[in-house]
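In what follows, a structure is listed as structure tokens, so that the remarks can point back to it.
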Amino acid sequence: MFADRGYDFDKYRRLLWKRGIKPLIARRGVAHGSGLGKTRWVVERTFAWLHQFKRLRIRYEIRADLHQGLLQLACSIICLRRLRTSF
């Protein structure tokens, strides 16, 4: 699991190891260059794609099940668009 310096505590590392997850947490006080930021853009790009859908960007839905449905629909549309451009 990738995490930034805000999670650099032994308590969090131990919890992750107990669950069988290898923690890749940037150390506080160490110069940048650990490489953890290279994977962050994937998440940011995905959020940007989801914010193209106005009903997700501004959450009009009060009910969680309707919001979840719209989120799944948006993810399906994003995947369909990606597949169309790859073939």
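Only the coordinates and a few stated rules stand behind these numbers; no lab work does. Fair warning: this is a prediction, and the values are worked out from it, not measured in the lab. Neighbour counts run over all protein chains shown; Cβ positions are idealised from the backbone, glycine included.
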Legend entry - Paired Rg and Dmax values of the range 40-86, which use every Cα atom, in angstrom: 11.5, 36
Legend entry - Per-selection Kirkwood Rh - the chain (Cα, Å, 1 d.p.): 16.0 Å
Legend entry - Span from the the range 3-17 Cα centroid across to the the range 48-87 one, whole angstrom: 31 Å
Inset, instruction - Rounded to the nearest 500, what is the 222 nm mean residue ellipticity of the chain from helices alone, with -39500 (n - 2.57) per DSSP H run of 4+ residues and division by all residues? - result: -16500 deg cm²/dmol
Legend entry - Local electrostatic count, D65, Cβ distance below 15 Å [Lys/Arg +1, Asp/Glu -1]: +2
